[in-house]
Amino acid sequence: MNIGTSIRRLMNLFIILFVTLSGGLVYWQVIVAQQVAANVHNSRSCQLENSPLRGTIYDRNGQWLAKSVSDSNAQCGYRRVYFDPSLAGLVGYYAGPNYPATGVEKQFDDVLSGRTGLTMLSNTFNHLLHTAPVGDDIYLTIDDRIQQIANQHFSDSYFYGYNAGDTEYVYPSDAGTVIVSNPHTGEILAMLSRPSYDPNKLVQTLLQNDLSYYNQLVQDPEQPLLERPLQGNYVPGSTFKTVTLMAAIDSGKATLSQQFDKQHALGPVNYNGQNIGPVGNNIDGYTFHFPVTTEYAYTHSDNVIFAQLGVNTGFDTWMNYVRNFYIESQIPFDLPVATSHVLAAGKSQMADNELAASAFGQGTDSVIPLQMAVVDNIVANNGQLMRPTLIYQITGHKTSDQDNPAAIQTFNSQSLSTPIKSDTAVAVRQGMYGVIQCGPGPLAPVHMNTSPWSIIGKTGTAQLAEVTDSGQLPIAQRAEGWMITQAPYSIQNPGQLPALTVVAMREHGGDGGASVGPMIANIYNDVFSKGYVQASKLPVPGTSYCYQTGLLQ
């Protein structure tokens, strides 16, 4: 027997076994390591090599919003903590591998856990060396100073109850939203959803396998887990007249100076056997001179005239603009968003009477607050729509205050389209100026038309039921109070673009101007006066502008 041949065969066998064993180790420790570690049936999910040091979430200025702290009592040796509970819905929560995450924590879990890009390759070697993988850090466009201002002023209101001379009650409500954004970059600077919840308490209880607080939140009829700016659908009311005004002016179907005689201003006008007006024209009690203009109708929120603007623009043209504003499709954003609609479910067309109602913000209109921020930003940015942005930058993990890891990915401003001409945007901003300076409702007492920051905007009182003479309605039938706003605006230099937009909505709050106007005025004042966004004060014009332009008669 040839001993050399036998030795070679034995050596080859050992080589084959070694290669097979090595291949198995590479497969289980590298190729499918993440799937194995994430498997809910894996009892070793919290061993050091499988439990990543999760990345930190910061605001745009480096204030941490979510980070991991060592906790020997926690499931995997650390616990996630949160700085600002008012961002709970947006940032979300993370309570370890056995519970689903939400918000940024969920959407960017691969980034925060180090399962993507070069960080994933680095963490592959960490697995082989049995050291804990490290996730990347995320910087948001949020400015937490502005976020806290929005949260602080959300409860500000001029009054509660019936406002003499108005048609609507103002009701206390802690449910709603505020979105503050830079219209020229699309960056979201603050996004408030109320009511909210305590993410620190939620994580703490879940880590103890205590579901009582979670179940309480799930069962709460006010839905504190709902991120209203992105997932809540609401009737927009008269804020939606801004969409119709853009479509009518940009398509050449109307101008701000177009005139309407008394019949066409007060109504009724009839479409498909249905009368629009005279109830709801909103101008009958104090308009004594006719004809009135489109600008007058926008200023005083005349439903009858805006019904005609919608029908005269035509369904196809009106709908083309609506779609260009991302209504009926999902707005590109860094988190999932619900879709806004003007069409009834299963329909692709509207009869004229349906178009008339939708044109002034009622009918089958249903929008998320982010949608109205998009509309607002188009006007403030001279017709150019910037992609709404929440993620500012992704970097390597910061280990200390002195550590400044390199950026892995930076998210630059992105223009989605230019759905209207700049001249149209200039005209609409002029109309929004008239609303605040000369419009109906208690705008003077809420310090909007006397603000040195020259706020412009459009109010909206979205009717959910017929208003009785007393205005008293069950909570579910009370109107939603809206405003879309911009500041500062110069009537002397209308081409100068506003620096900031604020959209606010109070669920079942009643009159839009009174229910959200005070908070908006105070938000602008604090943000600008503290220098968080640079802006210059402008002179307050007084009522002479309104009489000179015929916006008050």
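Yes or no, residue by residue, for (1) buried (at least 16 other Cβ atoms within 10 Å of the Cβ); (2) under 30 Å from ALA373 (Cα atoms); (3) modelled with pLDDT under 95; (4) in contact with a Gly (Cβ under 9 Å, 6 or more places away or on another chain):
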{"position": "GLY176", "(1), (2), (3), (4)": "yes, yes, no, yes"}
{"position": "ASN209", "(1), (2), (3), (4)": "no, no, yes, no"}
{"position": "GLN216", "(1), (2), (3), (4)": "no, no, no, no"}
{"position": "LEU225", "(1), (2), (3), (4)": "yes, yes, no, yes"}
{"position": "ALA248", "(1), (2), (3), (4)": "yes, yes, no, yes"}
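Among the residues making up segment 372-389, a single one is within 11 Å of the chain's Cα centre (by Cα) and without any contact (Cβ under 8 Å) to a residue 60 or more places away in the chain: VAL374. Is there a residue in segment 246-261 that is within 27 Å of SER515 (Cβ to Cβ) and among the aliphatic types (A, V, I, L, M)? Looking through segment 246-261, at least one residue is within 27 Å of SER515 (Cβ to Cβ) and among the aliphatic types (A, V, I, L, M). When segment 478-530 is examined, which residues are found to be without any contact (Cβ under 8 Å) to a residue 40 or more places away in the chain and assigned by TED's automatic domain parsing to the domain that holds VAL428? Result: GLN492, ASN493, GLN496. Within segment 60-77, if we keep just the residues that are of a type in the set (S, T, N, Q) and part of a strand (DSSP E or B), the residue that is farthest from the chain's Cα centre (by Cα) turns out to be SER70. From the list LEU128, LEU118, LEU192, LEU140, the one residue that fits, being closer than 20 Å to ARG54 by Cα and modelled with pLDDT of 90 or more, is LEU140. With respect to (1) assigned by TED's automatic domain parsing to the domain that holds GLN371; (2) in contact (Cβ under 8 Å) with a residue 40 or more places away in the chain, the lone exception for PRO278 is condition (2).
Please work out if LEU112 is over 30 Å from ASN522 (Cα atoms) and either modelled with pLDDT of 95 or more or buried (at least 24 other Cβ atoms within 10 Å of the Cβ) (or both). For LEU112, the condition - over 30 Å from ASN522 (Cα atoms) and either modelled with pLDDT of 95 or more or buried (at least 24 other Cβ atoms within 10 Å of the Cβ) (or both) - is met. Are there strands (runs of 3 or more DSSP E) fully within segment 175-282 with at least 1 residues that are more than 26 Å from SER358 (Cβ to Cβ)? List them. Qualifying strands (runs of 3 or more DSSP E): 176-181, 188-194. One residue alone among GLY314, GLY310 is touching a Phe, Trp or Tyr at 6+ places or on another chain (Cβ under 8 Å), closer than 17 Å to ALA351 by Cβ and not basic (Lys, Arg), and that residue is GLY310.
The values are calculated or read from the model by the stated rules, or taken from the named source; none is laboratory data. Note that the structure is a prediction, hence the values are computed from the model and not measured. Neighbour counts are summed over all protein chains in view; Cβ atoms, including those assigned to glycine, are modelled from backbone coordinates with ideal geometry.
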